[in-house]
Amino acid sequence: MSAANTAQQKEAFARKLTDVLNYGALNLAMGLGYRTRLFDVMDTMEKPASAEEIAEHAALDARYVKEWLGVMVCGGVVILYPGDDGEDRFRLPPEHADLITRRAGIANLGVYTQEIPLLTRCAMDEVLEGFRTGQGVGYDNYPRFQQFMGQLADAKHREVLVETFLPSVDNGAIVRQMETGIRVCDLGCAEGVALMLMAEAFPRSTFVGIDIAEEALYQARVAAADKALTNITFINQDAAVLDETSDLAGTFDYITAFDAIHDQTQPLAALRGVHALLKPGGIFSMVDIAAGSRLADNREHPMGAFLYTVSLMHCMPVGLVDGGTGLGMMWGREKALSLLQAAGFDAVEVRDIPQDAFNLHFCCRK
Ligand SMILES: C[S@@+](CC[C@H](N)C(=O)[O-])C[C@H]1O[C@@H](n2cnc3c(N)ncnc32)[C@H](O)[C@@H]1O
């Protein structure tokens, strides 16, 4: 490589580093703006407003809001209008608000600005320690992150599960069977939102939620009782120890696992457990990240660096606990298929999921 090329490459990388520092800082400040609802408040203000006016509308401190607006203007999120009176005025363009406010619904990317700051707060020191020791990091470190991700997942389940996801399974056959009355299990059900949506929609079927997080299961039982759902039970059970000898073996027509396999310490054992729990001919829907198993296949992923960071800070370390496998979130389609096959699933169909570009549906028949 010539000296001119080397200099050019160095210059381009220096520009990238400047972007990294600026965007990293901007992400943190946007996360604060999202949590304080400053974006939502600015979205309701029709004219450019002063920092004091914005602070007053948001019931926040004007000095903090003014400093935050500095970040937003330099980051190109908010537009600065110098006022005739020498006072700065600020406006959040509606085109930006469409993507970062709570009203944006499924298009809301603003909500994700909280993810990296939350993970940093939960586990920065423990992950640093993991680089030295190779040890995992327990779920206990992540209550706030779990709660945050749970809320996002629940919102998605409410929007797509019954309306679009289930009708796509086995060309609508699963929905027809659920209407008639079958046994359904959700593995890694957490607080049971997906399972309760199904139990409400299909009262003739019976639903069982399995998880190892007792606190989440307690919340699930309370919520199911509040809704007076009698066709649902929740069991505290480690998926990795389920096998043909289990009381539940061969008792389910349909099993789901939403984002609940790659974090497990023994994912293959859990998948073997799913296989054991299904009746012959039963269906397993595994919804997990849309990625390739080779790093080179993910290089062009528009959010590759973000997703690998979430995995580094959470999915991989929780999967390494007690000498676990530590698959990481980006384990990818090929690895998923090989584990499913090793667990006994020979017939697997991989499908995109409408309205969910982040995940794939591995639809498996026993
Ligand atoms: C990322 S959460 C997904 C929760 C839920 N399925 C959803 O759609 O939001 C993964 C869940 O798997 C559970 N889990 C992890 N390891 C497990 C195991 N060995 N057996 C059963 N559940 C497990 C966790 O407690 C957690 O609730």
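Just so you know, all these numbers are worked out from the coordinates, no wet-lab data involved. Keep in mind the model is a prediction, meaning the values are calculated, not measured. For neighbour counting, all protein chains shown are included, and Cβ atoms are generated from backbone atoms with ideal geometry for every residue, glycine included.
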(request) Could you compute the FRET efficiency for residue 121 and residue 158, with r as their C-beta to C-beta distance and R0 at 25 Å, rounded to 0.05? (result) 0.40
(request) Sort region 3-108 into rounded, prolate or oblate with this rule: let a ≥ b ≥ c be the square roots of the eigenvalues of the Cα gyration tensor; rounded if a/c is under 1.5, and if a/c is not under 1.5, prolate when a/b is larger than b/c, oblate otherwise. (result) prolate
(message) Cut-off is 10 Å between beta-carbons; in what order do 232, 106, 79 appear when sorted fewest neighbours first?
(response) 106, 79, 232
(request) Specify the angular offset, from 0 to 90 degrees and rounded to the nearest 10, of the alpha carbon long axis of helix 143-160 from the longest principal axis of the alpha carbons in the chain. (result) 70 degrees
(request) Report ³J(HN,Hα) in whole Hz for each residue of region 270-283, in order, from the Karplus equation J = 6.51 cos²θ - 1.76 cosθ + 1.60 where θ = phi - 60°; Gly and Pro get x. (result) 5, 5, 5, x, 4, 4, 5, 6, 6, 6, x, x, x, 10
(request) Report relative contact order for the chain in percent, whole number only (criteria: Cα-Cα under 8 Å, sequence separation at least 6). (result) 12 percent
(request) Output ³J(HN,Hα) for region 2-15: one whole-Hz value per residue in order, computed from phi by the Karplus curve 6.51 cos²θ - 1.76 cosθ + 1.60 with θ = phi - 60°, and x for Gly and Pro. (result) 6, 4, 5, 5, 4, 5, 4, 5, 5, 5, 5, 5, 5, 5
(message) Cross-link candidates for residue 227: which lysines have Cα within less than 30 Å, leaving aside residues fewer than 8 places away along the same chain?
(response) 156, 279
(request) Assign unit charges at the C-beta atoms only (+1 for Lys and Arg, -1 for Asp and Glu), then state the dipole size of the chain relative to its Cα centre in Debye, rounded to the nearest 20. (result) 660 debye
(request) For the chain, count the residues as N, evaluate 2.2 N^0.38 Å, and divide the Cα radius of gyration by that value, please. (result) 1.14
(request) Pull up all non-local amide H partners of residue 186: gap of 5 or more, or a different chain, and H-to-H distance under 5 Å with H placed in the peptide plane. (result) 208, 209, 210, 256
(message) Using a 10 Å cut-off around each Cβ, can you sort 71, 241 from fewest to most neighbouring Cβ atoms?
(response) 241, 71
(request) Any chance you could run the full-extension gain for residue 80 through residue 309? It's 0.36 nm times the residue separation minus the Cα-Cα distance, nm to one decimal. (result) 79.2 nm
